[in-house]
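Participant: Before we start, here is the structure in question, set down as structure tokens.
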Amino acid sequence: MRPLLLLLSFLVTAPLLAQDAAPGWLEDSLYRGGKINAVVAVVAVIILGIGLWMFSMDRKLRRLEKEIKKPFDSAQGK
Amino acid sequence: MKHWWWKILAVLLLLGASVSALRTPLSPALVHVSPGRIAPGPVELTVTGYNTLFEQEGLAAHLENGGERLCATSVEALSPTVLKARFDVPQGFRESLTTLAVLDRTDGRLVMPGALFTNGTGSGAGISGCPEPNEELGLTKAFAFPNRAILYESIRNLCFHVPMWFAMITVMGISVWKSIRTLGSNSLDDDRAALQAVNVGLVFCALGLITGTVWAKATWGAWWTNDVKLNGSAVTALIYLAYLVLRGSVQDAHKRARLAGIYNIFAFILLVMFLFVVPRLNAVDSLHPGNGGNAAFSDLDLDDRLRRVFYPACMGWILLGVWMYDLRLRTARLQASLDR
């Protein structure tokens, strides 16, 4: 949960740091093609987010697997 | 099969809704006119359309101002998306903003309200002889999303950004339900369920915030504005982060369960307040659709075309959220049974 905490607290404070950004490549690419890139970015964010969640889930299960394996190994005298 | 049907449903809904949200074309619209200012005398306007199919045959253009209609002296289709229209603008239009309308065979009537600043206004131009437009044109249209100025293609985000919040509210609702049960039953398993639901809810909260900032940048020109809805959602995120902090600071499991349960009830009430009640108060202004006297996508622009994709998308994301909560809870239960 710690990376999520960090990310969320950054998100909440980030606007204070980025008050006046100059228009540049980012605006250009966001507005091009009838603003379709805004949709691309949003979909990318969601897929990345769900992907990160999958990784954290995977890590939890791996830890569980190790714990289950430990007493089994010691019972077999390894 | 009993355990699987709603998960399969979730995947199918997400697949269908995402593909249609990305592939449905936008309806044709006028997006640009140059020059943007007209004065009495001959004027030549270059009009740019989006997803339009201008063709010379049957093409017409007119200006509308204060209930008066002025037909173009000539219209010329340069390409399917660009046309040139010439007008003889009379003296004395009533209003300072003139509406431009284009009529063509495939797209029907396309309107750009208040498109032109108007000089030389007066008490009416007294023009006549421009026939009523034929409303029957272009009625057999394919399924398309509304094409709104400023939003354009980004209107598709409605089917991605908003369902994040729907999913978050659903799992937070599960969480508060489990918290109330914890207070009654003193069961650590209910408490575990409440915690895992908040964990999943925060994932959707983070996704909702990030996708919201991207969409805000594309439509409002800023990543963040001091809008009630935006600040409310940020405060909600902080309230739920504080829930995790509170849990971390209490050692005794039963005490933690009761404290967290009580806090969670307050947190959910604040969530409802900050996301639904405060932004809708008449006293506050909000840029965000659906708040502060601001129309959501439902009235002028949004008939049922977006809804037909939006509701399945919400349903799919809600089911996915519940599924994620289910996985988290089962993992936490396994962990707990190992720790015992």
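The values are calculated or read from the model by the stated rules, or taken from the named source; none is laboratory data. Quick caveat, the model's predicted, so the values are computed rather than measured. Quick reminder, even Gly has a Cβ in these numbers, built from the backbone with ideal geometry, and neighbours come from all protein chains shown.
Participant: Any idea which residue in the range B:200-229 is surrounded by the fewest Cβ atoms within 10 Å (Cβ to Cβ), counting only those that are facing chain A (nearest Cβ under 7 Å) and not in a helix (DSSP H, G or I)?
Facilitator: Narrowing the range B:200-229 to residues facing chain A (nearest Cβ under 7 Å): B:202-203, B:206-207, B:209-211, B:214-215, B:217-218, B:223-224.
From the residues that got through so far, the ones that are not in a helix (DSSP H, G or I) too are B:223-224.
Details: B:W223: 19, B:W224: 21.
Per the stated criteria, the residue is B:W223.
Participant: Inspect all residues belonging to the range B:247-262 and state whether any of them is at pLDDT below 95, in a loop (DSSP other than H, G, I, E, B) and buried (at least 18 other Cβ atoms within 10 Å of the Cβ).
Facilitator: no
Participant: Among (1) in contact (Cβ under 8 Å) with a residue 60 or more places away in the chain; (2) at the interface with another protein chain (Cβ under 9 Å from one of its Cβ atoms), where does B:L195 come up short?
Facilitator: Answer for B:L195: the failing condition is (2).
Participant: Do we have B:V176 as β-branched (V, I, T), within 25 Å of the chain's Cα centre (by Cα), modelled with pLDDT of 90 or more and crowded, with 16+ Cβ neighbours inside 10 Å here? Walk me through how you get there before you give the answer.
Facilitator: Details: β-branched (V, I, T): yes; within 25 Å of the chain's Cα centre (by Cα): no; modelled with pLDDT of 90 or more: yes; crowded, with 16+ Cβ neighbours inside 10 Å: yes.
No.
Participant: Being within 14 Å of chain A (Cβ to nearest Cβ) and among the β-branched types (V, I, T) is the filter here, so list the residues in the range B:168-192 that pass it.
Facilitator: The answer is B:V171, and nothing else.
Participant: Which numbered condition trips up B:R256, out of (1) in contact (Cβ under 8 Å) with a residue 12 or more places away in the chain; (2) under 34 Å from the mean Cα position of the chain (by Cα)?
Facilitator: Among (1) in contact (Cβ under 8 Å) with a residue 12 or more places away in the chain; (2) under 34 Å from the mean Cα position of the chain (by Cα), the lone unmet condition for B:R256 is (2).
Participant: With within 7 Å of another protein chain (Cβ to nearest Cβ) and at pLDDT 75 or above as the only criterion, which of A:K60, A:K70, A:K66 stands out?
Facilitator: Being within 7 Å of another protein chain (Cβ to nearest Cβ) and at pLDDT 75 or above holds for just one of A:K60, A:K70, A:K66, which is A:K60.
Participant: Anything in the range B:273-290 that is hydrophobic (A, V, I, L, M, F, W, C), surrounded by 15 or more Cβ atoms within 10 Å (Cβ to Cβ) and either outside any loop (DSSP other than H, G, I, E, B) or touching a Pro at 6+ places or on another chain (Cβ under 7 Å) (or both)? List them, or say none.
Facilitator: B:F274, B:L275, B:V278, listed by residue number.
Participant: A further question on this structure: Do you know which residues across the range B:74-104 are part of a loop (DSSP other than H, G, I, E, B) and modelled with pLDDT under 90?
Facilitator: Within the range B:74-104, B:P90, B:Q91, B:G92, B:R94, B:E95, B:S96 meet the criteria.
Participant: Residues that are at pLDDT below 80 and either within 14 Å of chain A (Cβ to nearest Cβ) or farther than 30 Å from B:W220 by Cβ (or both): does the range B:110-124 have at least one? Break it down stepwise before answering.
Facilitator: Taking the range B:110-124 first, the residues at pLDDT below 80 are B:124.
Keeping just the survivors that are either within 14 Å of chain A (Cβ to nearest Cβ) or farther than 30 Å from B:W220 by Cβ (or both) gives B:124.
Yes - at least one qualifying residue is present in the range B:110-124.
Participant: Report, by residue number, each residue of the range B:291-337 that is modelled with pLDDT under 80, surrounded by 14 or more Cβ atoms within 10 Å (Cβ to Cβ) and acidic (D, E).
Facilitator: Selection gives B:D301 alone.
Participant: Of all the residues that make up the range A:23-56, how many are over 22 Å from B:R148 (Cα atoms) and among the small types (G, A, S)?
Facilitator: Residues in the range A:23-56 being over 22 Å from B:R148 (Cα atoms) and among the small types (G, A, S): 5 in total.
Participant: Do you know which residues across the range A:41-56 are at the interface with another protein chain (Cβ under 9 Å from one of its Cβ atoms) and among the β-branched types (V, I, T)?
Facilitator: Hits for the range A:41-56 are A:V42, A:V43, A:V45, A:I46, A:I50.
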